[in-house]
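> My questions all concern the structure below.
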Amino acid sequence: MHTPILPFHFRLVSLVRLPGAAGREVMNEAVLYHKDAQITACWTSRHVDIRLKRGCCVALRGACFHQLRNGRLPVSRLELIDKPIPAINPFHTIPPTWLADRDAVQRAAMLWDRMGRPLQHLFNAVMWEGGRFYRYVTGPVGCSDYPWEPGRNFRHAVAVAEQAAKLSSGLSDISGQVLIAAAVVLLLAGAATVARRSGPFAAVSVTVVQPAQADLAPVLKQALTQSGVFYEAHQARWVAGQLPTEALRQEPQGRMEFSHERVMLDPACPYVPAGKPLCMVS
């Protein structure tokens, strides 16, 4: 019997845990996604592995390939990949439930392949946490020049990165790899100003800076620091008194001004739990 060849890693799309027949074990069923395979992994465990959360990257352990039926695969366990691996292309693990535009996902994966290993490692390190990568792909904040809709900034970032790579082709004093990484990582998340608009979210208008190559590193560092990608960590430092309030105000979340009614979001919103503040309120 032919043994299927499965990818090394998967994105954990959903996870269901049920008590075993005797009440002493846990029955686990996880829906996993990779562009080359979509399976449901099933296994029993004595304890609940609280590290496994939706959106994280996992690896199969003890897979019983001869028992694979209708996409259901018995395994001994799922192992969390808790450290960023440079060789993993994260765009290969974006499920259709996150973004239906598969062409944009494929183009983003091709751009990632062109970054080079150091910048690939940087991107993976920044976006390895599943919740952060989910918000990166599906976040509802849109550019002011586009209609507000989930995933719009992601598609815009991919288009800008492709255009930047095309315009810089053949220019010896410009690093195409750095240019692509800057567009894919930074254009979506930050270097932005917030403008008023109707609807529950303020729009983000992105300003693209074209510095000289010698000044690119500090510009990238400042843009990444103020991009909002690390906003949660910066909030923790702010609470501990290690970061001034003005520093938080430099990030997109800190510049958004919400009324009290806007802060309390609808329970149906998939991005922020009901009753939780989206950002600091003036």
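Just so it is clear, none of the values below were taken in a lab; they were calculated from the coordinates. Keep in mind the model is a prediction, meaning the values are calculated, not measured. Cβ placement follows ideal geometry from the backbone for every residue including glycine, while neighbour counts extend to all protein chains displayed.
> Could you line up Lys83, Lys53 from fewest to most neighbouring Cβ atoms inside 10 Å? Could the numbers behind the result be given before it?
Details: Lys83 9, Lys53 13.
By the 10 Å Cβ count, ascending, the order reads Lys83, Lys53.
> Among Phe230, Phe154, rank each residue by its count of other Cβ atoms within 10 Å, from fewest to most, as a rough exposure measure. Mind showing how you got there, number by number?
Details: Phe230 18, Phe154 23.
Result, fewest neighbours first: Phe230, Phe154.
> Same structure again: If a/c stays under 1.5 just call it rounded; otherwise compare a/b with b/c (prolate if a/b is bigger, oblate if not). Do that for region 10-80, with a ≥ b ≥ c from the square roots of the Cα gyration tensor eigenvalues. Walk me through the intermediate numbers first.
Working: a/c = 1.94, a/b = 1.29, b/c = 1.50.
It is oblate, given that a/c is not under 1.5 and a/b is not larger than b/c.
> What is the fewest-to-most order of Thr93, Thr44, Thr138 by other Cβ atoms lying within 10 Å of their Cβ? Could the numbers behind the result be given before it?
Values: Thr93 25, Thr44 14, Thr138 18.
Listing Thr93, Thr44, Thr138 from fewest to most nearby Cβ atoms yields Thr44, Thr138, Thr93.
> Still on this model: Quote the FRET efficiency, to the nearest 0.05, computed for Ala100 versus Ser169 with a Förster distance R0 of 30 Å and r equal to the Cβ-Cβ distance. Mind showing how you got there, number by number?
On the way: r = 31 Å, r/R0 = 1.02.
Once rounded, the FRET efficiency stands at 0.45.
> To continue, here is another question. Give, in nm to one decimal, the length gained when the segment between Asp82 and Glu25 is fully stretched (0.36 nm per residue of separation minus the Cα-Cα distance). List each step's numbers first, then the result.
Values: separation 57, 0.36 × 57 = 20.52 nm, distance 2.48 nm.
Result for the pair: 18.0 nm of gain on full extension.
> Can I ask one more? Return, for the Cα atoms of region 1-124, the radius of gyration and Dmax in Å, separated by a comma.
Both quantities, over Cα of region 1-124: 15.8, 52 Å.
> Give me a comma-separated list of calculated 3J(HN,Hα) values for region 67-83, in order, Karplus coefficients 6.51, -1.76, 1.60 applied at θ = phi - 60°, integers in Hz, x for any Gly or Pro.
Going residue by residue, I get 9, 5, 9, 6, x, 9, 10, x, 9, 7, 5, 9, 10, 5, 8, 8, 10 Hz, with x marking Gly and Pro.
> For a quick check: with amide H placed at 1.01 Å from N, whose amide H comes under 5 Å from Ser14's, ignoring anything fewer than 5 positions away on the same chain?
Result for Ser14 returns Val31.
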